[in-house]
Structures are given as C-alpha cells and as structure tokens.
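These notes are about the structure you will find just below.
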Amino acid sequence: MRFTIAQIGNHETVAFAARELKRLILKMDRFLTTDIRIYDSFDPEVKRVVWVGLDGSLKRSLDETVSIKVKSGAGIITGSNECAVLIGVYRFMYELGCRFIRPGADGEKIPERSLSAEDLTVEVLDTPSYRHRAVCIEGSVSFDHVYNMIDWLPKVGMSGYFVQFFTPSTFFKRYYRKFYKDPADPDFENELTDDDVDSMMKVIEKEIALRSLKFHAVGHGWTCVPFGIEASGWEEYTKEIPEETKKLLAEVKGERNIFQCALNTNLCYSNPEVQERMTDAMVEYCRTHPAVNYLHFWMADGSNNHCECENCRKMRPSDFYVQMLNKLDKKLTAEGIETKIVCLIYVDLLWEPEEERIENPDRFVLMFAPITRTYSAALNDFDKSAPVELAPYKRNENKMPSSVAENVLRLKKWQETHLADDSFDFDYHLMWDHHFDPGYYNVAKILHKDMCELELIGLNGMVSCQLQRTAFPTALPLYAMAKGLWDKNSKFEDVSREYFAAAFGEDGEKVEKYLSELSDLFDPVFLRANKKVEKDVAIANIEKAKALIKEFSAKEINKKADTSPDWKYLQCHAEMVPLFADALIAKISENTDWQLYKKIFDQTVDKNAHITDTVLDDVFIKGDSWSLLNRHPQK
C-alpha cells in the first residue's frame, strides 16, 4: 500500500513532523511505500494524501490543540501551532497502537503489523488541560541524556524544556567527571569546561527549536553574572571579591560576603545600582537570545540569607523583587521585547509583597516552587475548612513550610493581589523524592494526582525540576505526569495499566502488582520520616519486600531478563534494592555495619551503570540513599 505525506510549508518543525510520521509508520509496517511531498499551502484538491502542517483551520495559540482527521489513509494532521502539529503526529501513531514510555530509543514501543487503508483512520480534536508541560534540566547528565528527554517530550504531549544557568556546566560535570578522573580512561585529565558545555548547548538548543518546544532559560545566576561573579553551580567560591562588588552583597550578621556559595548569596536589593545592573543584564540577555520564550528571574538560592541593612529592612524581599520586575518590564517594553518573564515564589519569597504590586501582569508568569513541601500528600489534599496558622515573616529567621496546606495558602496570598495572566507549578517529585519509593508506584500516583488537580489551586501547568534519568525500575512517574498534564480527567489506574501493558505485554498486570506491593512495603511516608513506625514493624515489612523481590525474580524476572530492556532494568533493580534494604535494616537497628551495606549497594550501582545509564542517575541514587538512611532511626 502507498502512504503519501503532504507537508505544508517549510517550517522546520513541520518538516520534522513529516519525517517522524514516515519513520514511525514504516517501523510499524515496513512494506508500505511512503513518500513526502512539500506544498506551499493546504490544497483540498490534492487527494489520497495525509496533510501535515498548519492549514489555518485552528486559531493559533500557545496551547497545543491537536486536530486529526484521517480516513482510510487520507486527511490532515494539524494543530494550533507547530509544536501541536508534531504532537499530533505522535498522537496519530498513539491511536494506531504506538506507545512512548520513556526517553531513549528503547522507550518506543511500535507494534509491527500489516496496515490496511481502513486501519489508517483516526479522528481526534483535543486540547491539553494545561499550557505548561515542561521538564527542567537537573541531576548528572550527558549530552545524550538531555537529547533523549527533549526528543521524548512531544511524543507524550509535553511542550517545553528549561535550561538552568547561563551555562549549565554543573549538571554535565557531575556525569563526565568519572571519565576525566579515571587514570585508566583515555579522557583522563581532559576536564569538561564551560566552553565545552556551551558548544553542546548550541546543539541542544537546535533540538529544542526543531520541535518548537517552549524554551525556558537561566533562573540561577542573575545575582552573580552581572556583577562579575562566576556561578554555574553550587561549588565553593574561592576567588577574591572586589570591594566595589562586595558592597553590593547582602549584609548578613554585619558582614557583606559570600554566603555558603556564590549562588546562595543574595544582594542588597534596596540599592539602586543592584536593581539597575540586574535588570539591564536581563534586557541584554533577551536582546541577544531571541529564541528564549520564558526568561526566569530568580534571586539567590537557599533561604534566610537576605540583606539586613537599614534600607533592606524597610520591606520584604518580595517587595524589592516586585520593584525589579516592574523596572524590568518597563525596560523590555521600551526595547519592544516580548519575552515572558517568570517570577518565582520560593523560600523567602513565599511571603507575599506587602507594598509593591505587579503593574503589567501580561508580562509575567508566576512560578510556585514549594521545594520544602512533603510528597506524602498531594497539593490539594488538605482540609480546606481547617484553620492554618501562617507564620509571620521574620527576616532570616523563617521556617520553611513542609505541609501542603501552608504551601498552598502561601501561593493563594500571592494570587489574591499579584495575579499574573499565567502561572505554573515548579516541583520536585522526580528530583530526590522518587528515591524514597523503590517501587516507583506511590510516587507516580501522587505526581499524577498533583498534575490533574493543578487547576484547583489556580495553576496552569508544571515545569518539573527533575533528574533526566528517572525510569528505574520503570518510567511510570514520568508517563503519569505527562498524562495528567494533558488530561486532568485521566485516571491513574488507567494510565498505570496502559504503561505496564506497553512495557511488559501480557505480563503487565503481574509487574504492576509486584511494584505496587514493593512501594507499599517500603512505605515512602515512613522512609521520608513523615510518620513513625515501630522498629520491629518497619524491619518486618522491609524483610517482606526482600522476600517479594526474591520470589518474583525467580518466577518472572530472571527468566525474561534477556527479552527486553524493560525486564533487564527490573533485573538490575532486583539486585540493587535488597542491598539498600540491608543497609536500611541495619540503620534502623542502629547497627554500625549499615555503612558497609551502603558501600556494597553503591558498588552494585556502579557495576550496573553500563546497563542502567539512560534510566538511572547513578550519582544521585548514591547520594540520596545516604540522605535517606540518615533519617533513620527516627528520634
């Protein structure tokens, strides 16, 4: 059978969408005869083709509405913007039975079958529940890890990518250092430089543009770079700070100096020179980086480190922040620059401004970043009728809230008087917290529920601040996040069932039950130290988890480990988790041998890294498991 793709125009994303449709349809049925034609515009007189591109039938918008009208191998795949067209191609293939369960080539599940004309009939008109559906770079990464994530995003309806820092060296160096610190490696002492990372990022940015993903940038660094302070990570700052710069730093306990590290150092925000230099630097960045759709303007990282000078004490940090936001808007408007500015509700900035107000809401997108929240409950899971006492702002003496109730009420305080036209959650489910759930099942359930209920707390989507390699033992949390962002009415049970069927075929229900039970036995709420469990009970449950792994490995995993990457990842997982369990049991028992067990666990992570490289962040699992173990025994 012949399958002809008619590409509308020459936009690079539409052209890529046409090529992807050809690639995937041929993976499904290699005996099809396919070709791509290019037309300047949609022409209804051309028959027996599948049009791909913008035909003008949908109003252009930032929200990726997808329209597919294909009958017996002829029709159109279109959308409200170019990214929507690409999402539409993947949606077409999804309706034919394809699944894209994780980043990387082995995450594509393309059923091979003979396609008839009648099979190629799909009709869809769909708009995502939320505008912002993006991932932020974090963790330890290689070029391929970042590429894999960007390539995967539109396959599951996601539409944006966020590159932190001016140069995101810290994330790449965490990964590549294992090569240049190993005397046996050919790359020994060939340390990765910022220039190396900038060169890689030129390719990454082209991949973002190729897919017309919404491009978010910077965030960290505005308190450093405009003042000649290098900051591409959280490393100790060892260089001398000139006096003319030191006078602009925040005064904390009578001193103006680096606070912990350059990135954590706030400035004297009441100082007009600080405000001018920061906002001028952002205008220049927008001018020289027109591809950036959303520029993030953040203060320093960390908390309780704001300036205590007489002038800064007159207002909250959030008031000075809004002053600078308004100043920045005026400068951008004068330049005719339309870049959206993302303003951050985070740590000390959770306490809303008392005096200043955002003057031009259209310029800004509010970003709620509840980094100290618990993940033992979803954001909307609290008693709305119960009183919640909000602690007053006390400069550099604030206790950051952990309950979802207090975090959400902080957001509402901002929303009452500082409405921007747009907003989203910036959250950390897959940054550290997934490592408190060895089965990856309960964290997926909370994440999906959070995404589906974002509208209930007045937010229009999510940018997930997360490790790029979070698919071990499965990528259910990632998959559930994407599903919830696209369809707030989706049911977790349906999403989970679909995922496991795609990954494990007829064994999907068995694996789902296994990992669900594993999550329950380890009890993420207990591992987070969000509840107390008697030592004997906790140890008994962990022993049951070990027994479950041993039994399921013998019956299922070891027999099928060589049949697919999914089963192979489960086998590696089944080797590692009991070792972590041994360390946890020893720690709960206050047995000093726990560090030996932890060392064996780390060695096993390293041993399997060549297999798990694309799905498990080996650097972070070793660090996070250490942090987890040190929460126990609970005092």
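The values are calculated or read from the model by the stated rules, or taken from the named source; none is laboratory data. Bear in mind the structure is a predicted one, so any value in this text is a computation, not a measurement. Cβ atoms come from the backbone with ideal geometry, glycine included; neighbour counts cover every protein chain shown. The protein model used for the area step is the full one, side chains on, heavy atoms only, and it has no ligands, DNA or RNA in it. Shrake-Rupley method; radii C 1.70, N 1.55, O 1.52, S 1.80 Å.
Points to keep in mind about this one:
- Rounded to the nearest 500, the 222 nm mean residue ellipticity of the chain from helices alone is -12500 deg cm²/dmol, with -39,500 (n - 2.57) taken per DSSP H run of at least 4 residues.
- Cα gyration tensor shape for the chain, rounded if a/c is under 1.5, else prolate or oblate: oblate
- Entries of LYS206/LYS445; LYS178/LYS483; LYS413/LYS449 with Cα pairs more than 25 Å apart: LYS206/LYS445; LYS178/LYS483
- Linear extension gain, TRP234 paired with HIS610, 0.36 nm per residue minus alpha-carbon span: 132.6 nm
- Isotropic mean projected area of the C-alpha convex hull, segment 247-310 (nm²): 5.0 nm²
- Full extension of the chain segment joining ASP381 with TYR393 gains 1.8 nm, where the gain is 0.36 nm per residue of separation less the Cα-Cα distance.
- Net charge over other residues, Cβ less than 14 angstrom from the Cβ of ASN630 (K, R count +1; D, E count -1): +4
- Beyond 30 Å in Cα-Cα separation lie the following of the pairs LYS384/LYS531; LYS491/LYS559; LYS568/LYS598; LYS173/LYS599: LYS491/LYS559.
- Classification of segment 1-155 by its C-alpha gyration tensor yields an oblate form. The axis ratio a/c (a ≥ b ≥ c) is 1.5 or more, and b/c is at least a/b.
- Where the chain is the region considered: accessible area per residue in Å², 1.4 Å probe: 40 Å²
- Mean separation of Cα contacts under 8 Å, 6 or more apart, over the residue count of the chain: relative contact order %: 11 percent
- Using R0 = 45 Å, the C-beta based FRET efficiency linking TYR39 and ASN304 works out to 0.15.
- Segment 381-449 versus segment 162-237: alpha-carbon centroid distance in Å: 29 Å
- Computed packing ranks the peptides 167-174, 490-497, 153-160 as 153-160, 167-174, 490-497, most packed first, by mean other Cβ atoms within 10 Å.
- Heavy-atom accessible surface of the chain: percent carbon and sulfur, 1.4 Å: 49 percent
- Overall, segment 119-262 carries a charge dipole of about 540 debye about its Cα centre when +1 sits on the Cβ of Lys and Arg and -1 on the Cβ of Asp and Glu, all other atoms neutral.
- Size descriptor, Kirkwood hydrodynamic radius, that averages inverse alpha-carbon separations across segment 511-576, Å: 12.7 Å
- Here the calculated FRET efficiency for ASP520 and ASP119, from their Cβ-Cβ distance with R0 = 25 Å, stands at 0.05, rounded to the nearest 0.05.
- Rg and Dmax of segment 346-456, based on Cα coordinates, read 14.9, 47 Å.
- Rounded, prolate or oblate (a/c below 1.5 giving rounded, otherwise prolate when a/b exceeds b/c) for segment 563-635 by Cα gyration tensor: prolate
- Rel. contact order, % - alpha carbon contacts under 8 angstrom, at least six apart, segment 549-635: 25 percent
- In Hz, Karplus ³J(HN,Hα) per residue of segment 436-443 (6.51, -1.76, 1.60; θ = phi - 60°; x = Gly, Pro): 8, 9, x, x, 6, 9, 5, 5
- Put a plus charge on the Cβ of each Lys and Arg, a minus charge on the Cβ of each Asp and Glu, and nothing anywhere else: the dipole of segment 526-635 about its Cα centre is then about 380 debye.
- Proportion of all alpha-carbon pairs of segment 229-369 beyond 22 Å (%): 39 percent
- In plain terms, the C-alpha convex hull of segment 213-294 casts an average shadow of 6.1 nm² when viewed from every direction.
- Annotation for PHE188 and THR592: the two label points, set 7 Å from Cα along the Cα-Cβ direction, are 3.6 nm apart.
- Antiparallel %, DSSP beta bridges [both residues in the chain], to 5: 30 percent
- In percent, rounded to a whole number, the relative contact order of segment 449-551 is 19, using alpha-carbon pairs under 8 Å and six or more apart.
- DSSP beta bridges in segment 97-235 [antiparallel fraction, %, rounded to 5]: 25 percent
- Per residue Cα convex hull volume in Å³ - calculated over segment 121-280: 171 Å³
- Electrostatic tally near ASN442: other residues with Cβ closer than 15 Å to its Cβ, Lys and Arg +1, Asp and Glu -1, net -4.
- The label point for LYS488 and the one for LYS59, both projected 7 Å from the Cα toward the Cβ, are 1.9 nm apart.
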